[in-house]
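Taken together, the values in this text are just the output of simple stated rules run on the coordinates, not laboratory data. Small disclaimer: the values here were computed from a predicted structure and weren't measured. Every residue, glycine among them, receives a Cβ derived from its backbone with ideal geometry; neighbour counts consider all protein chains shown.
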Amino acid sequence: MPLDANPAPLVDAFGRTVTYLRLSITDRCDLRCTYCMAEKMTFLPRKDVLDFEELARLSALFIRHGVRKLRLTGGEPLVRRDVMDLFRDLSRHVQSGDLDELTLTTNGTLLARHAETLAACGVRRVNVSLDTLDPERYRAVTRMGDIRMVLAGIEAAQAAGLHVKLNAVASRGAFEAEVDDLIDFAHTRGMDLTLIEEMPLGDTGTDRAETALSLRDLTGDLSRRWTLIPDRHRSGGPARYMRVAETGGRIGLISPMSCNFCALCNRVRVSCTGRLYTCMGAEGSVDLRAAFRQSDHAALSCIRAALAAKPESHRFDADRIGTPALRRHMSALGG
Ligand code: SAM
Ligand code: SF4
């Protein structure tokens, strides 16, 4: 029996309708990016992580109430064992037309293995995180990664017909010297490149005041070498886009620190333990899993109550980038 005959959309106190769910399916990862995790991490016991049945049921509940876009994230979603079973299950919402988009954000290391299955499950686009093309710097930034695996993943994804967008966290120094190569690499392969400002989430053992780079400064610098034309493209997220006249490709800019984008926020996040976060930049979360284990009705009431309290905007402060604004790491919730 359906939960209710006319499921009302999920709307917050500021009139913003939630149509986008980012669902973290694991806090684990095969990399330890310096801006995301500490070198030594303690991951959650497996018993605390939602199983596939719970993840699928939760997704279905959100989809029934207006979510049109579902992104799986982590940690690294592709390290979860048998993760393609979950994609196969979720693909029915794409086939039924209830979901416009099923997608994921991945570091790409295991993408080559899964690209064809993802495409068969109705995934059309993937975001791959890649901050550098230099194998040694890649290893340094990720503390352990082999860039060849990511490059093979990107190639396999494109060969399987997936649209790939690259995500890169901007940082001072080597990144600034290399960003032109990243633009070239992305655009000659038909990929957008989204640049992300580092956010002060969790203690990673690094000094963010040393590394964080404002995208305002970076784009100022880029515009001395490239012709950047504001582009009206929207991807349903917080990125603003620029077209690069010389390449014809697009650069996305996600600037939570230097340019607050919260007025258009259409999303909520659920952690792999089933905690619902209505704002990535706020500590508050509610235990959706407990409600969900009672009934879908209880879960829905819990979601609506949390949305009524969704903050109007995050409170990151660019002048305090060196101090974690939140204890939780980015990997606990997904980007
Ligand atoms: N493991 C996957 C990946 O790396 O794409 C998905 C999870 S990761 C947490 C999602 C995105 O968050 C990645 O693009 C990553 O670069 C970004 N990210 C991680 N820590 C960040 C931070 N402190 N500030 C800004 N972006 C961050
Ligand atoms: Fe892992 Fe992604 Fe975090 Fe890097 S950014 S440590 S790949 S979760």
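Quick check for me: using +1 on Lys/Arg Cβ and -1 on Asp/Glu Cβ, what's the dipole size of the range 155-242 about its Cα centre, in debye to the nearest 20?
Values: 10 positive and 15 negative charges, 101 e Å.
The dipole of the range 155-242 has a size of about 480 debye.
Pick from 222, 307, 72: which residue has the top mean-square fluctuation in a GNM of the chain where Cα pairs under 10 Å get a spring?
Among 222, 307, 72, the largest mean-square fluctuation in the Gaussian network model of the chain belongs to 222.
With everything on Cα atoms, drop me the angle between helix 52-64 and the longest principal axis of the chain, reported from 0 to 90° to the nearest 10.
For helix 52-64, the angle is close to 90 degrees.
Give me the distance in nm between label points sitting 7 Å out from Cα along the Cα-to-Cβ direction at residue 188 and residue 144, one decimal.
3.3 nm
Calculate how many DSSP beta bridges within the range 31-332 are antiparallel, expressed in % of all such bridges and rounded to the nearest 5. Before the final figure, lay out the partial values.
Working: 13 of 35 bridges.
Rounded to the nearest five, the antiparallel share is 35 percent.
Excluding residue 177 itself, calculate the net charge of residues whose Cβ lies under 13 Å from the Cβ of residue 177, where each Lys or Arg counts +1 and each Asp or Glu counts -1. All intermediate terms of the calculation are to be shown ahead of the outcome.
Numbers: positive: 137, 172, 225; negative: 131, 134, 176, 178, 180, 181, 221.
Around residue 177, the charge tally is -4.
Can you give the extra length, in nm with one decimal, that the chain gains between residue 273 and residue 209 once fully stretched, where that is 0.36 nm per residue apart less the Cα-Cα distance? Write out the running numbers ahead of the final one.
Numbers: separation 64, 0.36 × 64 = 23.04 nm, distance 3.10 nm.
Value of the extension gain: 19.9 nm.
Which residue, chosen from 284, 265, 60, occupies the Cα position most advanced towards the positive end of the dipole of the chain, where the dipole is computed from +1 (Lys, Arg) and -1 (Asp, Glu) charges on Cβ about the Cα centre?
Final value for the positive-end residue is 60.
Could you name the aspartates and glutamates in cross-link range of residue 310, using Cα to Cα under 12 Å and dropping any fewer than eight places away on the same chain?
12, 283
Which FRET efficiency value, to the nearest 0.05, is calculated for residue 51 and residue 297 with the Förster distance at 25 angstrom and r the Cβ-Cβ distance? Before the final figure, lay out the partial values.
Details: r = 21 Å, r/R0 = 0.84.
Between residue 51 and residue 297 the formula returns 0.75.
With label points built 7 Å along Cα→Cβ from the Cα atoms of residue 163 and residue 282, find their separation and express it in nm.
Simple spin-label model gives 3.2 nm for this pair.
Tell me, in nm to one decimal, what length is gained between residue 225 and residue 43 on full extension, where the rule is 0.36 nm per residue of separation less the Cα-Cα distance?
Working: separation 182, 0.36 × 182 = 65.52 nm, distance 4.31 nm.
Here the segment from residue 225 to residue 43 would lengthen by 61.2 nm.
Can you give the charge dipole size of the range 31-332 about its Cα centre, rounded to the nearest 20 debye, using +1 on the beta carbon of Lys and Arg and -1 on the beta carbon of Asp and Glu? Don't jump to the answer; show the numbers that get you there.
Working: 43 positive and 39 negative charges, 182 e Å.
Computed charge dipole of the range 31-332: roughly 880 debye.
What lysines sit close enough to residue 40 to cross-link, taking a C-alpha to C-alpha distance under 30 Å and skipping anything fewer than 8 places away on the same chain?
Cα-Cα hits under 30 Å: 165.
Taking +1 at the Cβ of each Lys and Arg and -1 at the Cβ of each Asp and Glu, which of 115, 215, 102 sits farthest along the dipole of the range 31-332 towards its positive end, judged by Cα position relative to the Cα centre?
102
Need one number for the range 51-126: average projected area of the convex hull over its C-alpha atoms, nm². Numbers along the way, then the final one.
Details: hull surface 18.1 nm².
Spelled out: convex hull of the Cα atoms, projected over all directions, averaged, 4.5 nm².
What's the local net charge at residue 233, with K and R +1, D and E -1, over the other residues with C-beta under 10 Å away? Walk me through the numbers on the way to the answer.
Values: positive: 232, 234, 240, 243, 250; negative: 192, 231.
Net charge in that neighbourhood comes out at +3.
All other residues with a Cβ under 12 Å from the Cβ of residue 30 taken together, and with Lys, Arg as +1 and Asp, Glu as -1, what is their net charge?
Taking every Cβ under 12 Å from that of residue 30, the sum is +2.
Helix 111-120 versus the longest principal axis of the chain: what is the Cα-based angle in degrees, 0 to 90, to the nearest 10?
50 degrees
For the chain, just the Cα atoms, rotate onto the principal axes and tell me the three extents in Å, largest first.
Extents along the principal axes: 59, 43, 42 Å.
Note the full-extension length gain between residue 308 and residue 247 as 0.36 nm times their separation in residues minus their Cα-Cα distance, in nm to one decimal. Before the final figure, lay out the partial values.
Numbers: separation 61, 0.36 × 61 = 21.96 nm, distance 4.41 nm.
So the extension gain works out to 17.5 nm.
Would you mind checking the range 210-231 for residues with the amide N under 12 Å from a putative spin-label position 7 Å along Cα→C-beta of residue 172?
Hits in the range 210-231 for residue 172 at 12 Å: 210-214.
May I ask for the angle, rounded to the nearest 10°, between helix 147-159 and the longest principal axis of the chain, with both axes built from Cα atoms and the value confined to 0 to 90°?
Rounded to the nearest ten degrees, it is 60.
What is the spin-label model distance, in nm, from residue 137 to residue 116 if the labels are put 7 Å beyond Cα along the C-beta direction?
Reported label-point gap for residue 137 and residue 116 is 3.5 nm.
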